[in-house]
Amino acid sequence: MAVGRSICPPEHVVPVGHDEPLLGRYDAARPAEKAAAADGGGNASFVQTCLNGLNALSGVGLLSVPYALSEGGWLSLALLAAVAAICWYTGLLLQRCMAADPAVRTYPDIGERAFGRGGRLLVSAFMYAELYLVAIGFLILDGDNLAKLLPGASVSLGPATLAGRRLFVVLVALAVAPTTWLRSLGVLAYVSATGVFASALIVLSVLWAAAVDGVGFSAPGTTALRPTGLPTALGLYTFCYCGHAVFPTLYTSMKEKSRFPKMLAICFVLCTLNYGSMAVLGYLMYGDGVQSQVTLNLPAARLSSRVAIFTTLINPLSKYALVVTPIATAVEDRIGPSGPAVPVAVRTLLVFSTVAVALAVPFFAYLMALVGSLLSVGACMLLPCVCYVRVLGPPRRAAEAAAIVAILALGSLVVVTGTYSSVVQIAHELL
């Protein structure tokens, strides 16, 4: 068995083979990957990488920001800007970790470089748990919106009857299951500008519904500050910026890697403007009555509402396979070499498991708040800081050291309070 060089610190170095599984022992970069890293690699232009970054940060969190604003009140918009700034800065910390070792190509590689095998496992666990819950959120999202478009739909299968949202969750899962059987989807996640266009179109459709279709901007019940709702708001705001698993891919794909900080800044500014616009629009339109997905408030008969809802449906359908494929690949690597039936079975069972959870926990906002508070805060705030300090040592500048300490303190607070609040809300709805 061939032996490669580990990317972890000297005290952690162990012999590894090129055929080690993703979650197995330390897997050093393959020779081709190492050569590409040494040569700088990457052929994406600055504009292409900006589009890829915008697509990575533009997700289903867009629909929940008006609800987050209603939970925290108008002043919580400052938290949205603060979370954006923190996540931008921690994205830069990941880039610095990668620049320190050309063999580091992925987020789990950074965890391994910092803490050995335990670091790789920890980062991988956060990534895969987050992806799994996001996939569940996709099913809930499409089920809710299809039930709004087609109320009263039901199907009887013998003694069992599926109706409304539950029916559409199952139908969406059946529709996306075949797409998960394809095994060459990774590059498609970041090269298309469809997600960016869809996010902008949703905001414009909501604006049209308010300005032209008669919804208006004067909903009663808006609040300046609601302290009890701040944990939920913070979790949802953080979920909007959970693109850190993609940032290493963007960095390695760039021709001009020195322009990565500028690219990241542009992506965060534009996405924050988009998120902020949607939050303000939705809250002005519906006040404290805004639902967990603002599209559920829109008048179903209007063209603008249908455009917004159909555009909302496209994103989860197109991204579901991309989200679950890394999880399926990790499971398949653990199983080892097998025939073509095993990957299909693994991916189908994975889809069925997300259906089961989506039917059992149909609370989109609370689920996304839980993902944001527990997993996104860990992956976007805490892990980049501790990995950076471990790889490059304590910051020499007092301001940077203070910033990292403040991020770790804030992140820890959000993990505790946000996770507790989300779990309590989910338990309350279930009971």
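The values are calculated or read from the model by the stated rules, or taken from the named source; none is laboratory data. Bear in mind that the values here come from a model prediction, so they are computed numbers and not experimental data. Here the Cβ is made from the backbone with ideal geometry for all residues, glycine too, and neighbour counts use every protein chain on show. All accessible areas refer to the heavy atoms of the entire protein, side chains included, with ligands and DNA or RNA removed. Shrake-Rupley method; radii C 1.70, N 1.55, O 1.52, S 1.80 Å.
Summary of values
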quantity: Relative contact order computed over the chain (Cα-Cα under 8 Å; 6+ residues apart), in percent; calculated: 30 percent
quantity: Label-point separation in nm, Val212 to Val269, each point 7 Å along Cα→Cβ; calculated: 3.0 nm
quantity: Most mobile of Gly378, Gly158, Gly137 in a GNM of the chain (Cα contacts under 10 Å); calculated: Gly158
quantity: Whole-Å distance, taken between Cα centres, linking segment 56-106 and segment 380-427; calculated: 13 Å
quantity: Shape category assigned to segment 228-357 from the gyration tensor of Cα positions, a/c cut at 1.5; calculated: oblate
quantity: Full-extension gain in nm, Val280 to Ser353, via 0.36 nm per residue minus C-alpha separation; calculated: 22.7 nm
quantity: FRET efficiency for Ala399 and Leu149, using Cβ-Cβ distance with R0 set to 60 Å, rounded to 0.05; calculated: 0.70
quantity: Gained length - Leu204 relative to Val389, 0.36 nm times residue gap less alpha-carbon distance; calculated: 62.4 nm
quantity: Two-site FRET efficiency, Leu413 against Trp74, from Cβ-Cβ distance with R₀ of 22 Å, rounded to 0.05; calculated: 0.50
quantity: Among 392-403, 221-232, 293-304, 272-283, the order from most to least packed when residues are scored by Cβ within 10 Å on average; calculated: 272-283, 293-304, 221-232, 392-403
quantity: Accessible surface of Lys257 - all protein chains present, 1.4 Å probe, nearest 10 Å²; calculated: 40 Å²
quantity: Under the span-like rule (Cα at least 18 Å along the axis, Kyte-Doolittle mean at least 1.6), DSSP H helices of the chain; calculated: 77-99, 194-211, 341-360
